[in-house]
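To start, the structure under review is shown below, and the notes come after it.
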Amino acid sequence: MISIKMQSAIDDQVNAEIWSAYLYLSMASYFESKSLRGFANWMKIQWQEEVTHAIKFFDYVHSRGGKVSLKPISEVQLDWANPVAVFIDTLEHEQHVTQLINNLANIAVEEKDHATNSMLQWFISEQIEEEANAEQIITQLKMIGDNGYGLLMLDKELATRVFVDSTKGPVQ
Ligand code: FEO
C-alpha cells in the first residue's frame, strides 16, 4: 500500500503531466497558426507523450492500492514571439519537470518506498531525453536564424516524428 504522503505527491505529478500536455497542445496551436505543420506535429506528439506519462503515474498509484485525486488544470500560455522562444520555454519547462521528478524520488527515499523509487527511474532517464531534445532544436533554430528556407527544412524534418508509447518499456 502506498503512503498518503507519496500518493499525494504523485497526485500533484499527474496534474503536472496533464498541464505539460496542455502546454504542448497550446504550442502546437501556435505552430499551426504559423503554417509550420512539422513543428505542430512535433508538439502534438509531445502532448501525447505527456498524457502517457500522466497515465503511467495514474496506473502505478492504483496498482499500489491507492486512488488518484484529480485537480484542476491551470491555464497555459497561448502565444510566443517566435519558434525559438517556444523551444526555450520547452527546455525551461522540462528542467522544471526534472526537478519535480527528483523531488518525488527524494520523498520515495524518505518514505523508504523502494517500489516507487524503482518506478521513478524510468522518469529520471526520460527527463534526460526530454531536455536533450529541446536543447537540440534550440541549437538548430539558432543556427537557422532568419533563414526562412532553413526553417522550412527543419519543419519538414519535425514532420517525420511519430508517436511511440515508450512508457511500457524498460528504463533506457
Ligand atoms: Fe512528462 Fe515532458 O515530461
Hey, what did the chain get for relative contact order, percent, Cα under 8 Å, at least 6 apart?
31
Carbon plus sulfur fraction of accessible area for the range 1-105, probe 1.4 Å, in percent
57
In the chain, with Lys and Arg counted as +1 and Asp and Glu as -1 at Cβ, which of these residues, G66, Y30, Y149, has the Cα nearest the positive end of the dipole, that is, farthest along it?
G66
What angle do you read, to the nearest 10 degrees and between 0 and 90, between the alpha-carbon axis of helix 148-158 and the longest principal axis of the chain?
40
Whichever lysines have a C-alpha closer than 30 Å to that of K56, once near sequence neighbours (fewer than 8 apart) are set aside:
K5, K44, K67, K71, K112, K168
Computed over the range 4-158, protein heavy atoms only, probe 1.4 angstrom, the accessible area per residue in square angstrom equals 50
Taking the chain as the reference, fit the longest principal axis to its C-alpha atoms, fit the long axis of helix 4-33 to the helix C-alpha atoms, and give the angle between the two in degrees, 0 to 90, nearest 10.
10
Hey, got the dipole for the chain? About the Cα centre, +1 on K and R Cβ, -1 on D and E Cβ, debye to the nearest 20?
380
Estimated [θ] at 222 nm from DSSP helical runs (n ≥ 4, -39500 (n - 2.57)) normalised by residues in the chain, nearest 500
-26000 deg cm²/dmol
Would you mind checking the tilt of helix 114-144 against the longest principal axis of the Cα atoms of the chain, expressed as 0 to 90 degrees and rounded to 10?
10
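The values are calculated or read from the model by the stated rules, or taken from the named source; none is laboratory data. All values derive from a computational prediction rather than experimental measurement. Ideal geometry is used to build each Cβ from the backbone, glycine not excepted, and the neighbour counts take in all protein chains shown. Remember, those area values only see protein heavy atoms, side chains included, never the ligands or the DNA or RNA. Shrake-Rupley method; radii C 1.70, N 1.55, O 1.52, S 1.80 Å.
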